[in-house]
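Structure first, commentary second.
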Amino acid sequence: MWNYSEKVQEHFFNPRNAGELEEANGIGDVGSLSCGDALRLMLKVDPDTETILDARFQTFGCGSAIASSSALTEIIKGKTLDEALAVSNQDIADYLDGLPPEKMHCSVMGREALQAAVANYKGEEWSDDHEEGALVCKCFAIDEVMIEDTIRANHLSTVQDVTHYTKAGGGCSACHEGIEDILNRVLAERGEAPVGSNLQPSDSRSEGHIIPDDQVSGVWVSSSAGEKAMTAADVAADAMAALSQIELPDTPVVPDTAPVTGNTAKPVMNNLQRMRRIEAVIERVRPQLQRDHGDVELIDIDGSNIHIRLTGACTNCQLASMTLSGIQQQMMEELGEFVKLIPVKSAAVGV
Amino acid sequence: METIYLDNNATTRVDPEVVETMLPYFTEQFGNPSSLHEYGNRVGLALKKARGQIQALLGAEYDTEIVFTSCGTESDSTAILSALKAQPQRREIITTQVEHPAVLALCEHLEKEGYTVHYLAVDGQGRLDLEQYQSLLSEQTAIVSVMWANNETGTFFPVLEMAEMAHARGVMFHTDAVQAVGKIPMDLKNSKIDMLSLSGHKLHGPKGIGVLYLRRGTRFRPLLRGGHQERGRRAGTENAASIVALGKAAELALQAMEHENTEVRRLRDKLEKGILSQVNYAFITGDPDNRLPNTSNIAFEYIEGESILLMLNKFGIAASSGSACTSGSLEPSHVMRAMGLPYTAAHGTVRFSLSRDTTEADIDRVIVVLPGIIDQLRTLSPYWKYNAPVKESFDPAYA
């Protein structure tokens, strides 16, 4: 049984605004019987104010598809078309207190129906560029199509590359075999050697630096192909670094040439500047954690040891050590020096 | 609310008699059967008895043909990998498109390692083409692995006949009989089946215990090495409590065989008649005349299986579905796809699997509740209006 939130169940068993809307002047149809889910969204729009006066839906699909449709109609009623179009699929999922990763496509379908309905109201054609495949990485909900497209577009050749670019594989690492299979398929098309060969020390492409275990998380990791075999912690740290690049454009970009070690990379700063920068990093990551009902606070700075406390949902999160690695990575990028993040008390995790 | 459990092909309730039988093996009877003292000896004798009980259920010639494993999946893997290792010159496997993932996923993996796997197709009712099968058997074939009964539809494959055909070509035959054991009588000693997998928790035994039946004289290579247990065929200290329990479960299954094929079958048929007489655009999948007595798989067109299950669950009824959404994959079950189920129905299949625990009242309640659920979901569906499909008027350009 899926781990559906109370709210998903509630909207499934008692869907709001279900059924036909006779006076609809904007209709969005998406999905198909053979795909297993389909949705018709009907809008009644006030032509003068472009406000959605009423919204109703009809859905063929699973529990979360019906709940997502119900949530969507509730969210957009009373909004102007522009406001409604600003609703993301994440908003729909949030409204329902989250959806299981395998079910996020249900919220995507809701958003597509909305775009289609607005286009229909305006007399436009809406074209769907969305394609989805089987879910590969369950930690970050990344599907096969996205991984394969990213591998092709960026000429990726290792699992680690894929994690850099898509986040897939950055969590529990259970999907690494699946990612390798996709890589091998694409590499074979390109006439290149399969993934495993990258891990052989004798491989001519292995020019990356060997990272001593004791400072594995203290060094920037090159994202170039041909890296030595990495530990799971490295991959996780890298995933967070990649994540930070995507979501926080002001973060310095990880250099994709040789690894850079600390002190020479950035000018020396005084203690106050340094402290402010550390605080800034903490503030920057907090919204991400809060979105997952977690949080982090700075406790103390003791030389290169930075003590923090993970709270809320982070406390028992199995990915907490990854979160720590990610913050540490950002911290080092910001400061240009090696620092170690030490979780205190309530965060029962080890880095 | 009284709950109604109709998902016995997923797992069964452990019979209270079985629980009672196994409990002492966690406490006073804790010995290691390999030990040369009284503690070990007593457990060793109990294992011997369990082996005999399973031998009786399967109609095997010798009790030493019973090898205990941890589950059906391990038995399947052991059988197929053994056949490949024991006959390295043979590089082909024959199986079907509708096997359990325990066999299919292994075969797909073996393909990557260079083996050739032939997946026999099925027709709309889940039946094999034996001529195609005959044409694929060759000196290259290391093993045929074909399930006795399909877990989703209950449809039987003619494994006895297929084993004969394999032997006539000198090919080893394995059957995954996880769903069939305990539900239909078996007489392996008079068959050509070389290996057979079964799982304890499908026949009112505990989870974590399985059996590989290994006909005497069959060439064999163990999956697990490291000890003399199971005559060197499966190393690792025996799961004594579960083995004893499985022995008891086998004995009870043999006693209930008649009931399974009369009373359980009657209830299953009543359920189907009760539903299909009230719900239109619904039909039985698989081969209605040749299937397990306890299994009913019904396709409801124009609605989706997971939402049916969620509604049923709200009414305290447990069933399962081959819908994509229940598994997290985007495709409906491989069994439904292999049978070429119409796309209007492929996502709307629900499996009801009964057992000797199922009562008349259970079935009556499902017959009362289910039609309303189907009606409610169809009312929500854009493909349905006025008690009939309207798919002509709903055909999104963006699939």
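Structure above, values below:
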{"item": "Residue count, the stretch A:1-29 (criterion: of a type in the set (A, V, I, L, M, F, W, C) and open to solvent by less than 20 Å² (accessible area, probe 1.4 Å))", "result": "3"}
{"item": "Yes/no for A:ALA93 being within 9 Å of chain B (Cβ to nearest Cβ), of a type in the set (A, V, I, L, M, F, W, C) and touching a helix residue (DSSP H, G or I) at 6+ places or on another chain (Cβ under 7 Å)", "result": "no"}
{"item": "Of the criteria (1) free of Cβ contacts under 8 Å to residues at least 12 places away in the same chain; (2) facing chain A (nearest Cβ under 10 Å), which one B:VAL368 fails", "result": "(2)"}
{"item": "Some residue of the stretch A:99-114 being at pLDDT 85 or above, in contact with a Ser or Thr (Cβ under 8 Å, 6 or more places away or on another chain), under 18 Å from A:ASP54 (Cβ atoms) and within 14 Å of another protein chain (Cβ to nearest Cβ)", "result": "yes"}
{"item": "So B:SER70, is it among the small types (Gly, Ala, Ser), at pLDDT 95 or above and open to solvent by 30 Å² or more (accessible area, probe 1.4 Å)", "result": "yes"}
{"item": "Any hit, the stretch A:175-185, residues being within 14 Å of another protein chain (Cβ to nearest Cβ), in a strand (DSSP E or B), β-branched (Val, Ile, Thr) and touching a residue at least 24 places away in the same chain (Cβ under 8 Å)", "result": "no"}
{"item": "Qualifying residue in the stretch A:72-81 (condition: facing another protein chain (nearest Cβ under 10 Å), farther than 27 Å from A:GLN290 by Cβ and at pLDDT 95 or above)", "result": "no"}
{"item": "Subset of the stretch A:72-110 [under 24 Å from A:LYS44 (Cβ atoms), in contact (Cβ under 8 Å) with a residue 60 or more places away in the chain and surrounded by fewer than 23 Cβ atoms within 10 Å (Cβ to Cβ)]", "result": "A:LYS77, A:TYR95"}
{"item": "Complete set of residues in the stretch A:1-17 that are in a helix (DSSP H, G or I) and either within 9 Å of A:ALA67 (Cβ to Cβ) or within 12 Å of another protein chain (Cβ to nearest Cβ) (or both)", "result": "A:LYS7, A:VAL8, A:GLN9, A:GLU10, A:HIS11, A:PHE12, A:PHE13"}
{"item": "Any hit, the stretch B:329-341, residues being out of contact with any helix residue (DSSP H, G or I) (no Cβ under 9 Å at 6 or more places or on another chain), modelled with pLDDT under 90 and farther than 19 Å from A:CYS62 by Cβ", "result": "no"}
{"item": "Qualifying residue in the stretch A:119-139 (condition: touching a helix residue (DSSP H, G or I) at 6+ places or on another chain (Cβ under 6 Å), more than 12 Å from chain B (Cβ to nearest Cβ) and open to solvent by less than 20 Å² (accessible area, probe 1.4 Å))", "result": "no"}
{"item": "Condition met for B:ALA60 (in a helix (DSSP H, G or I) and not assigned by TED's automatic domain parsing to the domain that holds B:VAL350)", "result": "no"}
{"item": "Looking only at the stretch B:40-67, and only at residues there that are open to solvent by 10 Å² or more (accessible area, probe 1.4 Å) and within 16 Å of B:SER242 (Cβ to Cβ), the one that is farthest from the chain's Cα centre (by Cα)", "result": "B:GLY44"}
{"item": "Of all residues making up the stretch A:18-31, the number that are within 8 Å of chain B (Cβ to nearest Cβ) and touching a helix residue (DSSP H, G or I) at 6+ places or on another chain (Cβ under 7 Å)", "result": "4"}
{"item": "Residue list for the stretch B:105-121, filter: out of contact with any Phe, Trp or Tyr (no Cβ under 9 Å at 6 or more places or on another chain), over 20 Å from B:THR73 (Cα atoms) and either part of a helix (DSSP H, G or I) or of a type in the set (A, V, I, L, M) (or both)", "result": "B:ALA121"}
{"item": "In the stretch B:272-301, the residues that are within 13 Å of chain A (Cβ to nearest Cβ) and open to solvent by less than 10 Å² (accessible area, probe 1.4 Å)", "result": "B:ALA299, B:PHE300"}
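For every residue, the table says whether it meets (1) under 14 Å from B:ASP76 (Cβ atoms); (2) in a loop (DSSP other than H, G, I, E, B); (3) of a type in the set (Ser, Thr, Tyr); (4) within 22 Å of the chain's Cα centre (by Cα).
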site: B:ALA142; (1), (2), (3), (4): no, no, no, no
site: B:GLU152; (1), (2), (3), (4): no, yes, no, yes
site: B:LYS189; (1), (2), (3), (4): no, no, no, yes
site: B:LYS192; (1), (2), (3), (4): no, yes, no, yes
site: B:LEU198; (1), (2), (3), (4): yes, no, no, yes
site: B:TYR213; (1), (2), (3), (4): yes, no, yes, yes
site: B:GLY226; (1), (2), (3), (4): no, yes, no, no
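The values are calculated or read from the model by the stated rules, or taken from the named source; none is laboratory data. What you see is a predicted model, and the numbers here were worked out from it, not measured in a lab. With ideal geometry, Cβ positions are generated from the backbone for all residues, glycine too; neighbour counts draw on all protein chains shown. Each accessible area value is taken on the protein alone, full model and side chains, heavy atoms only, with ligands, DNA and RNA left out. Shrake-Rupley method; radii C 1.70, N 1.55, O 1.52, S 1.80 Å.
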